[in-house]
Amino acid sequence: MQDNQVQIFDTTLRDGEQVPGCKLDTTQKLIIAERLDLLGVNVIEAGFPVSSPGDFLSVTEISKIVKNATVCGLTRAVENDIKVAAEALKYAKLPRIHTGIGTSDSHIQFKFNSTRDKVIERAVKAVSYAKSFVEDVEFYAEDAGRTDNAYLAKVCEAVIKAGATVLNIPDTTGYCLPEEYGAKIKYLRENVKGIENVTLSCHCHNDLGLATANSIAGVVNGARQIECTINGIGERAGNTALEEVVMVLKQHPYLNLETSINTKLLYDTSILVRESMGMPVQPNKAIVGANAFAHSSGIHQDGVIKNRETYEIMDPEDVGVTESAIVLTARSGRAALAYRAKKVGYELTKVQLDLAYTAFLTMADTQKEVLDKDIHVLMKEVNKTSKIAMA
């Protein structure tokens, strides 16, 4: 792997599906998995095989159809989990077992009633056992965001010796600030023996709205895999949104970090996931929300009509959106009305535009949005006093 290549690990079908009400059947999972493979993700976390017969079946079937990506199955640091995951992944061209254990004092004390030393023993045993089935073993240090850095480094060093190829450093609770998370990745890069032989991975949750910022801070400080989901779905407030981190890296080329994602498929993939899961996307969601490339303010509309780059830092076509939307509301100006009128067939003179705009404002004050059908009504009124040429 090139040093500037960031691997995209998609966990829509595992972490994303844990959202209440977002259950998918095997057929739906296969359709999404094929789309993720086409999208260009490097790793598809297909599920948690031991959790249910249905999840085992889904991971097995996904393993059969994925052509390019690594297919990954999640486990706890439990021997049977790992054995079942290996069985589910046996058809995968590129199988990966993702195993791990909580490493924060909170998890060690309250989840496991254990000690730091015993947790390291369990981690090493799990990685060693997974390694007996597959070459590619990812270890997750759950709640790494709240784990003491020196102890976390000790855990990482132990699992590297046991054969881990990827180290997942999750901000499981979405607690970290970007500076803290970036510093944690940097600390591990500088203090773990053998770290140069493995891939550091970011798995950030969005409880404080910082998942994307933390993931970017992670890769800037040396991580080379981001774990994320389409539309940012996931436990509680969600995971890092795939479309956001991919476009952040694309729009900031000076970072010299690249992904293999075909960004023109982002919007359609977003629609596929939201419709399959019945999980709507908020209109103001970055990149794929309905309003991400929509403009209703007259000042913004005038600028965008003259030159898109005045208010858009991305070309909508780069993410699979056909064009920017000029939405007519009471906040819109003459330029927007003339633009939309021309779109539906009317070439207005200045006098006609002034007449139309006065009638438009009256209409716009009584409804949320003026649609194309409303423009035709407006033009009929204006045409009574001034002959309008068709564009």
Given (1) open to solvent by 20 Å² or more (accessible area, probe 1.4 Å); (2) farther than 16 Å from Met279 by Cβ; (3) over 16 Å from the mean Cα position of the chain (by Cα), identify the lone condition not met by Gln28. (2)
Identify, by number, the condition in (1) closer than 30 Å to Val246 by Cβ; (2) without any contact (Cβ under 8 Å) to a residue 12 or more places away in the chain that Ile326 doesn't meet. (2)
For segment 34-64 the number of residues that are part of a helix (DSSP H, G or I), over 16 Å from Gln18 (Cα atoms), open to solvent by less than 50 Å² (accessible area, probe 1.4 Å) and not acidic (Asp, Glu) is 5
Answer yes or no as to whether Ser201 is within 26 Å of Asp37 (Cβ to Cβ), open to solvent by less than 10 Å² (accessible area, probe 1.4 Å) and under 12 Å from the mean Cα position of the chain (by Cα). no
So is Phe133 in contact with a strand residue (DSSP E or B) (Cβ under 8 Å, 6 or more places away or on another chain), open to solvent by 60 Å² or more (accessible area, probe 1.4 Å) and not β-branched (Val, Ile, Thr) or not? yes
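Does any residue of segment 199-207 turn out to be assigned to a loop (DSSP other than H, G, I, E, B) and either among the aliphatic types (A, V, I, L, M) or more than 30 Å from Ser270 (Cα to Cα) (or both)? Outline the logic, then answer.
Residues of segment 199-207 assigned to a loop (DSSP other than H, G, I, E, B): 206-207.
Next, from what is left, pick out any that are either among the aliphatic types (A, V, I, L, M) or more than 30 Å from Ser270 (Cα to Cα) (or both): none.
The answer is no; no qualifying residue exists.
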Kindly indicate the residue of segment 337-375 that is surrounded by 12 or more Cβ atoms within 10 Å (Cβ to Cβ) and farther than 24 Å from Ser297 by Cβ and also farthest from the chain's Cα centre (by Cα) among those meeting that condition. Thr349
Scanning segment 167-198 for residues that are closer than 18 Å to Glu142 by Cβ, open to solvent by 10 Å² or more (accessible area, probe 1.4 Å), in a loop (DSSP other than H, G, I, E, B) and not β-branched (Val, Ile, Thr) gives Tyr175
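Out of all the residues in segment 241-271, which are surrounded by fewer than 17 Cβ atoms within 10 Å (Cβ to Cβ) and either of a type in the set (Val, Ile, Thr) or on the phi < 0 side of the Ramachandran plot (or both)?
Filtering segment 241-271 down to residues surrounded by fewer than 17 Cβ atoms within 10 Å (Cβ to Cβ) leaves 251-256, 258, 260, 262, 264, 268, 271.
Hits for segment 241-271 are Gln251, His252, Pro253, Tyr254, Leu255, Glu258, Ser260, Asn262, Lys264, Asp268, Ile271.
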Does Ala237 fit the bill of being open to solvent by 10 Å² or more (accessible area, probe 1.4 Å), of a type in the set (Gly, Ala, Ser) and not in a loop (DSSP other than H, G, I, E, B)? no
Here the residues within segment 1-13 that are outside any strand (DSSP E or B), touching a Leu at 6+ places or on another chain (Cβ under 9 Å) and under 22 Å from Gly218 (Cα atoms) are Asn4, Val6, Thr11, Thr12
When residues of segment 272-313 are filtered for being part of a loop (DSSP other than H, G, I, E, B), of a type in the set (D, E, K, R) and buried (at least 18 other Cβ atoms within 10 Å of the Cβ), how many remain? 1
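Out of segment 220-231, which residues are in contact (Cβ under 8 Å) with a residue 40 or more places away in the chain and open to solvent by 10 Å² or more (accessible area, probe 1.4 Å)? So that I can check it myself, show each step before the final result.
Kept after step one, since they are in contact (Cβ under 8 Å) with a residue 40 or more places away in the chain, are these residues of segment 220-231: 223-231.
Arg224, Asn231 - these are the residues of segment 220-231 that are in contact (Cβ under 8 Å) with a residue 40 or more places away in the chain and open to solvent by 10 Å² or more (accessible area, probe 1.4 Å).
Which one of Ala213, Ala217, Ala164 is within 30 Å of Arg35 (Cβ to Cβ) and in a loop (DSSP other than H, G, I, E, B)?
Ala164
For residues that are within 23 Å of Lys90 (Cα to Cα), free of Cβ contacts under 8 Å to residues at least 60 places away in the same chain and either part of a helix (DSSP H, G or I) or not hydrophobic (A, V, I, L, M, F, W, C) (or both), tally how many sit in segment 125-151.
Residues of segment 125-151 that are within 23 Å of Lys90 (Cα to Cα), as a first pass: 125-140.
Restricting the remaining residues to those that are free of Cβ contacts under 8 Å to residues at least 60 places away in the same chain gives 125-135, 137, 139.
This time we only want the ones that are either part of a helix (DSSP H, G or I) or not hydrophobic (A, V, I, L, M, F, W, C) (or both), so: 125-132, 135.
Here the count works out to 9.
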Sole residue being of a type outside the set (A, V, I, L, M, F, W, C) and surrounded by 21 or more Cβ atoms within 10 Å (Cβ to Cβ), chosen from Arg122, Arg116, Arg76, Arg14: Arg14
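The values are calculated or read from the model by the stated rules, or taken from the named source; none is laboratory data. Given the structure is predicted, the values throughout are model-derived calculations rather than measurements. Using ideal geometry, Cβ is built from the backbone for each residue, glycine included, and neighbour counts are taken over all protein chains shown. Accessible surface is based on the protein model in full, side chains and every heavy atom, while ligands, DNA and RNA are left aside. Shrake-Rupley method; radii C 1.70, N 1.55, O 1.52, S 1.80 Å.
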